[in-house]
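First up is the structure itself, then whatever we jot down about it.
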Amino acid sequence: MNIVPTLINMLWMENLKKYFSSIKSRDPAATSLLLVLLTYPGVKAVFFHRLASFIWGLNLKILARIISQLSRFLTGIEIHPAAKIGKNLFIDHGMGVVIGETAEVGDNVTLYHGVTLGGISPAIKSSEQVGMKRHPTLEDDVIVGSGAQILGPVIIKSCSRIGSNAVVTKNVPKGGVMVGIPAKNIKLAKEKLDSSFAPYAVTKK
């Protein structure tokens, strides 16, 4: 028996179980691993992104973009192959999610449908913007509610919550709670950091 493929398979299955466990902790409808793998578009989108990102790294950029567009067609979720995605990203429902080229997403981040991690660079002089950081950075354990727009090279610090339909164009402090257009932080400075999961980034207040 070849021990190397066996170890790789064991590690892959272990990572898959951890990913499922992370989703189950955030979605009560995730009742089985098979259900998640077969019916969750966000899971499929992340899988396709891992593949497209690997191929992008081989400088086969057209093929990588084709894979990302196939994923968009199948799932309704568009993730640029160059975007950096951490562990256990959960895109719940997912339809209409867009993650731009220079976006960075940390570990255990949750995005709901209609979320955009987009840029605000003008269309003119686009050649001068190649290689520039144009999209948001989301640190670990961030939750972004449905329809929220996070625009530009802003940093969303860990454990922040972005309310549904909020439009964020400025940096968000650790544990911030952002609502409105333009989004404002409604978390009081004296409040303790709450790292517990909040569906759709809705607080219990």
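Search segment 152-170 for residues that are within 12 Å of residue 139 (Cβ to Cβ) and pair each with any residue that is surrounded by fewer than 19 Cβ atoms within 10 Å (Cβ to Cβ) and of a type in the set (Asp, Glu) when their beta-carbon atoms are under 8 Å apart and the residues are at least 6 apart or on different chains.
Close Cβ pairs (under 8 Å, with a partner that is surrounded by fewer than 19 Cβ atoms within 10 Å (Cβ to Cβ) and of a type in the set (Asp, Glu)) amount to 158/140; 159/140; 159/194.
So which of 86, 96 is free of Cβ contacts under 8 Å to residues at least 24 places away in the same chain, surrounded by fewer than 22 Cβ atoms within 10 Å (Cβ to Cβ) and within 18 Å of the chain's Cα centre (by Cα)? Please lay out each step first, then the result.
Working: 86 fails: free of Cβ contacts under 8 Å to residues at least 24 places away in the same chain.
Within the list 86, 96, the selection yields 96.
Write out, first by first residue and then by second, each pair whose Cβ atoms fall under 9 Å of each other, whose residues are 6+ apart or on separate chains, and whose first residue, in segment 53-72, is at negative phi while the second is assigned to a loop (DSSP other than H, G, I, E, B) and surrounded by fewer than 14 Cβ atoms within 10 Å (Cβ to Cβ).
64/58
With the requirement that a residue be surrounded by 20 or more Cβ atoms within 10 Å (Cβ to Cβ) and within 17 Å of residue 115 (Cα to Cα), what does segment 160-178 give you?
Start the filter on segment 160-178 by keeping residues that are surrounded by 20 or more Cβ atoms within 10 Å (Cβ to Cβ), which leaves 160-163, 166, 168, 172, 176-178.
Once the filter is applied, which keeps residues that are surrounded by 20 or more Cβ atoms within 10 Å (Cβ to Cβ) and within 17 Å of residue 115 (Cα to Cα), segment 160-178 yields 160, 161, 162, 163, 166, 168, 172, 177, 178.
Residues checked against (1) within 25 Å of residue 160 (Cβ to Cβ); (2) not small (Gly, Ala, Ser):
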residue: 35; (1), (2): no, yes
residue: 57; (1), (2): no, no
residue: 61; (1), (2): no, yes
residue: 69; (1), (2): no, yes
residue: 83; (1), (2): yes, no
residue: 94; (1), (2): yes, no
residue: 97; (1), (2): yes, yes
residue: 104; (1), (2): yes, yes
residue: 118; (1), (2): yes, no
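Okay, residues lined up against (1) at pLDDT below 90; (2) part of a helix (DSSP H, G or I):
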| position | (1), (2) |
| --- | --- |
| 20 | yes, yes |
| 29 | yes, no |
| 42 | no, yes |
| 59 | no, no |
| 63 | no, yes |
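Give 121, 71 a once-over and let me know the one that is part of a helix (DSSP H, G or I), more than 10 Å from the chain's Cα centre (by Cα), over 17 Å from residue 146 (Cβ atoms) and polar (S, T, N, Q). Reasoning before the result, please.
Working: 121 fails: part of a helix (DSSP H, G or I).
Checking each option against the conditions leaves just 71.
Would you be able to say whether some residue in segment 76-95 is over 23 Å from residue 130 (Cα atoms), assigned to a strand (DSSP E or B) and aliphatic (A, V, I, L, M)?
Checked against the condition, which is being over 23 Å from residue 130 (Cα atoms), assigned to a strand (DSSP E or B) and aliphatic (A, V, I, L, M), segment 76-95 yields at least one hit.
The values are calculated or read from the model by the stated rules, or taken from the named source; none is laboratory data. Note that the structure is a prediction, hence the values are computed from the model and not measured. Reconstructed Cβ throughout: ideal geometry from the backbone, glycine too, with neighbour counts over all protein chains shown.
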